[in-house]
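**Student:** I have a structure I would like to understand better, so I am pasting it below and will then ask my questions one at a time.
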Amino acid sequence: MDYDFKAIEKKWQKRWEEKKIFEVKESKKKKFYILEMFPYPSASGLHMGHAFNYVVGDRYARFKRMNGFNVLYPMGYDSLGLPAENAAIKAGIHPREYTEKSIENFIRQQKELGLSYDWSRIIKTSTPDYYKWDQWIFLKMYEKGLAYRKKAPVNWCPKCNTVLANEQVHNGKCWRHEDTKIETRYLEQWFFRITDYAEELNDKIGDLKNWTEDVKAMQKNWIGKSYGTEIYFEINGKKWPIFTTRPDTIFGVTFMVISAQHPELMDLVTKKQKKEVERFLKKIKSTSKKDMEELEKEGVFTGAYAINPVNKEKIPVWVGNFVIADYGSGMVMAVPAHDQRDFEFAEKYKLPVKIVIEPINYDIYERKGQIPRAYSGEGNLVNSGKFSGVNNEKAKKEITKYLSKRKLGKKAVQYKLRDWLVSRQRYWGTPIPMVYCDKCGIVPVPEKDLPVKLPEKVKFGKGNPLETVKDFVNVKCPNCGRKAKRETDTMDTFVNSSWYFLRYCDPKNKKKIFDKEKVKYWMPIDQYIGGKEHACMHLIYFRFYTKFLRDLGLLDFDEPALNLFNQGMLHGEDGYVMSKSRGNVVLPEEVSAKYGIDTARLFLVSMASPDKDIDWSDKGIQGSLRFIKKIIDYFSRVKIDKADVRTESKLNKVILEITEYLNNFKYNLAVIKLRELFEVLPEKTSKEVLGDFLKLLSPFCPHIAEELWEKLGCKNFLSLEKWPKADKKKIKKIFEKQEQAIDKLISDINHIFKLVSGKNKIYVYILPNEKELYDIGLLNKKFGKQINIFTVNDKSKYDPSNMSKKVKPGRPAIYLE
RNA sequence: GCGGGGGUGUCGGAGUGGUCAAACGAGCAGGACUUAAGAUCCUGUAGCUUAGUGCUUGCGCAGGUUCGAAUCCUGUCCCCCGCACCA
């Protein structure tokens, strides 16, 4: 039989939409907020990989909805950003046109997937209605001192023609251009002081109960909290705080190294050394970030000396290419004997090495034939004044205490996390609502003047197009009314996605960023779904924003999402990530036309647990198609009758199992249970049994389930029906045992048939107390051949070979003739 | 270097102390139906043995704990992912 999947899909998608059955309002019902990371709309549209992501969420939404929750399941578009601008330039159209078209296409495709979004809440970050609130938040950040402008060495992507945040530099390359090395430039830029929240961002990772270990670990790593000691070294009469995790090695300091990017570097350099230092800096600037990492440690003497606070030793200060300017104070104390990096530097420049920790088992420096290396293990201190002889772990505490007492240092915590560089020198982003006035300096645009709209008419060429739009740039200073210039940088696209989940709760609010009460009802997100590639980008930013908005008094919770599910990646048939350039992209339209979208939806979760990467397989989907066809065929012939207890037992057991599996995203196992249940459905059964089966099917194959539900004579939408509740009393163990016993028996009989040929009559002998187990009705149904069963005590039994003697508990005897 | 995850049949993958290792799917082989193909259905798919219900091998490798281990512990090898000169 052929099936018109397309017609069924269209029919139900239309009905769902017309009746607005997935639209929700705040109510007394218990809410459940399910959210997938919203997509960046591109002209190439969705492929099956995206579909996989949404299907994972949709299944969960449908399941929760049927379980009586008021489910908020919205969709929107992260539609500002560089790719749209670049693509638009390439195609010669305006980014807005490009974006609108892409979104339209996305919506159409998503609707064809049968996703149960509340489309009335759609948001697009490229609309002034949305980005107005990005600007509003920016102003609030500025007001609280969290948004600031600073000149600093920044990451510059020559392909994007803009600066990037640290989070957007991967392996020294641009996150959008894997082949493009990031350059370091020294520019004045806007930053968000995310480091103010470093401690909370780190410490509350423990609250993120249902986040995967690796995402949590990645965030911990990225935030990089480390405990140590700040020690004050004196240079030219000025106190320089130095952060170290090894205060126990303070007596081993033989030189200092200041970062080549340190803003105060030149203050230290003596006249004599100036030329040499400048030559060195020039050399560093000409190398890209990635090359620098591969470079050997290099440096030159600055001419300055520092005083070691514990022994007043005079130590030379060098400038080096391996010291990071904005970690700690941008200068390190170097202990070559006990730090490999310092050791290499000392070797190269013939700087002294002073051992201050005696290795426990041997003196590594005296071993012959061994390549000298710094010793970073444990041991007792030597050459360390009054601390000599103390175990180094103990010495860390004692020396820190000693320094604190004398105000020469203190306990300190450092983070790797840097402030978030948010300005971008590009057009298609949220304009930064700031004005530069010669008299007043930096002046924020007043709230009432928001949004600062992106001008539509711009010329794309070299540099930031906004700079060339005179109407936009030239403004009056909001403060003094004189001529002033508008900030032409726009915000990082990640700003837009840092709070969108809040806007869904109240997407059309014109007066406020959102209504507090509405957000209170819906938030936090009960289930967030998205890829783990955002671990150190979006997933940190949205936590930061949540905390900031909480501190503004707008939210009363700390974390935006306590449950995060990372779906795996869908690969092409060749095993590689689906991408246009590889040519292994599978399109939902094509799959839908060939197999029906429900088939694809089912297949995507049949292969493996959805958190794993999977490969698309045209052959594999046939298995799902077969199953769906069987279901449709079955429903076209099944007769309504009373349900038998065996079926009911299985049904209730499966309800229990599937419910559990769906709750835990074990969709693959749920599908198996669904198949198991289907296998035992008899030719005659009750409407209730059939209805329950369709309910269990509906999160996977919503269109077909609705269609069959209607054919069954039910009037309401299956999508809004109540999820079946298992009646444990109806689950009878005996049926399962029967199944097992009979399967075994049949397998044994078949085995013998294979060994001996020419037999066609079957006699089976069983123990009287196992009569129940070998239910003759079930046996005949399963086997399809005539079987004669005798109990061993049956006097009239036919048993020419006296087989009944061999019967043991659980092992019937078999005789073939 | 630091951190996270993982090694199970021909393949994708279930199973995390026992009562069944390999559910379910895919592939392959044989059979039924059919003029044929497809679809569908049945059977098989580590080895040996056998009128079945038996034995052996087996969950990266090597040990250990246990009455009992794919599952727990120790060591070891390999793979994937993230970060990386963070002092």
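The values are calculated or read from the model by the stated rules, or taken from the named source; none is laboratory data. In this text, all values refer to a predicted model and were calculated from it rather than measured experimentally. Note that each Cβ is placed from the backbone with ideal geometry, even for glycine, and that neighbours are counted across all protein chains shown. Side chains included, ligands, DNA and RNA excluded: accessible areas come from the protein's heavy atoms. Shrake-Rupley method; radii C 1.70, N 1.55, O 1.52, S 1.80 Å.
**Student:** For region A:737-773, which positions are more than 8 Å from RNA strand B (Cβ to nearest atom), open to solvent by 80 Å² or more (accessible area, probe 1.4 Å) and either in contact (Cβ under 8 Å) with a residue 60 or more places away in the chain or out of contact with any Leu (no Cβ under 9 Å at 6 or more places or on another chain) (or both)?
**Tutor:** Result: A:757, A:769, A:771, A:772.
**Student:** Of A:604, A:555, A:562, which residue is in contact with a strand residue (DSSP E or B) (Cβ under 8 Å, 6 or more places away or on another chain), open to solvent by 10 Å² or more (accessible area, probe 1.4 Å) and within 29 Å of residue A:69 (Cα to Cα)? Can you show your working first?
**Tutor:** On the way: A:604 fails: open to solvent by 10 Å² or more (accessible area, probe 1.4 Å); A:555 fails: in contact with a strand residue (DSSP E or B) (Cβ under 8 Å, 6 or more places away or on another chain).
Every option except A:562 fails the conditions.
Let's see how each residue does on (1) within 16 Å of RNA strand B (Cβ to nearest atom); (2) more than 30 Å from residue A:243 (Cβ to Cβ); (3) surrounded by 22 or more Cβ atoms within 10 Å (Cβ to Cβ):
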{"residue": "A:395", "(1), (2), (3)": "yes, no, yes"}
{"residue": "A:405", "(1), (2), (3)": "no, no, no"}
{"residue": "A:413", "(1), (2), (3)": "yes, no, no"}
{"residue": "A:428", "(1), (2), (3)": "no, yes, yes"}
{"residue": "A:431", "(1), (2), (3)": "no, yes, yes"}
{"residue": "A:440", "(1), (2), (3)": "no, yes, no"}
{"residue": "A:446", "(1), (2), (3)": "no, yes, no"}
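**Student:** A further question on this structure: If you scan region A:62-117, which residues turn out to be part of a loop (DSSP other than H, G, I, E, B) and of a type in the set (S, T, N, Q)? Talk me through it step by step, then tell me what you get.
**Tutor:** Step one: list which residues in region A:62-117 are part of a loop (DSSP other than H, G, I, E, B), which gives A:67-69, A:73-75, A:78-81, A:92-94, A:113-117.
Within region A:62-117, A:67, A:79, A:116 qualify.
**Student:** Looking only at region A:428-472, how many residues end up being among the aliphatic types (A, V, I, L, M) and either at pLDDT below 95 or part of a strand (DSSP E or B) (or both)?
**Tutor:** 8
**Student:** Just to verify a result, which residue in region A:587-608, among those that are modelled with pLDDT of 90 or more and assigned to a loop (DSSP other than H, G, I, E, B), is nearest to residue A:531 (Cα to Cα)?
**Tutor:** Only one residue fits best here, namely A:587.
**Student:** Restricting attention to region A:488-507, which residues are open to solvent by 10 Å² or more (accessible area, probe 1.4 Å) and either farther than 30 Å from residue A:529 by Cβ or among the polar types (S, T, N, Q) (or both)?
**Tutor:** A:488, A:489, A:493, listed by residue number.
**Student:** Moving to a separate point now. Across region A:693-711, what is the number of residues that are in contact (Cβ under 8 Å) with a residue 24 or more places away in the chain, touching a helix residue (DSSP H, G or I) at 6+ places or on another chain (Cβ under 6 Å) and not small (Gly, Ala, Ser)?
**Tutor:** Summing the residues that are in contact (Cβ under 8 Å) with a residue 24 or more places away in the chain, touching a helix residue (DSSP H, G or I) at 6+ places or on another chain (Cβ under 6 Å) and not small (Gly, Ala, Ser) in region A:693-711 gives 11.
Yes or no, residue by residue, for (1) closer than 28 Å to residue A:10 by Cα; (2) in contact with a Lys or Arg (Cβ under 8 Å, 6 or more places away or on another chain); (3) open to solvent by 30 Å² or more (accessible area, probe 1.4 Å); (4) within 16 Å of RNA strand B (Cβ to nearest atom):
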position	(1), (2), (3), (4)
A:596	yes, yes, no, yes
A:611	no, no, yes, yes
A:614	no, no, no, yes
A:623	yes, no, no, yes
A:647	no, no, no, no
A:671	yes, no, no, yes
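**Student:** Report whether or not residue A:620 is modelled with pLDDT of 90 or more and closer than 29 Å to residue A:105 by Cβ. I'd like the intermediate steps shown before the answer.
**Tutor:** Details: modelled with pLDDT of 90 or more: no; closer than 29 Å to residue A:105 by Cβ: yes.
In short, no.
**Student:** Within region A:210-229, track down each residue that is within 10 Å of RNA strand B (Cβ to nearest atom) and part of a strand (DSSP E or B).
**Tutor:** A:226, A:227, A:228, A:229
**Student:** Let me ask you something else. Go through region A:156-168 and count every residue that is of a type outside the set (Val, Ile, Thr) and open to solvent by less than 10 Å² (accessible area, probe 1.4 Å).
**Tutor:** Filtering region A:156-168 down to residues of a type outside the set (Val, Ile, Thr) leaves A:156-161, A:164-168.
Retained after the next criterion (residues that are open to solvent by less than 10 Å² (accessible area, probe 1.4 Å)): A:157, A:160, A:164-165, A:167-168.
Of the residues in region A:156-168, 6 are of a type outside the set (Val, Ile, Thr) and open to solvent by less than 10 Å² (accessible area, probe 1.4 Å).
**Student:** Out of A:61, A:51, I need the residue that is within 23 Å of residue A:705 (Cβ to Cβ), modelled with pLDDT under 95 and surrounded by 23 or more Cβ atoms within 10 Å (Cβ to Cβ). Which one? Working first, answer last.
**Tutor:** Values: A:61 fails: modelled with pLDDT under 95.
Criteria check complete, one pass: A:51.
**Student:** Under 7 Å by Cβ, and 6 or more places apart or on different chains, what pairs join a residue from region A:184-206 that is under 15 Å from residue A:223 (Cβ atoms) with one that is of a type in the set (S, T, N, Q) and at pLDDT 95 or above?
**Tutor:** The qualifying pairs are A:205/A:219.
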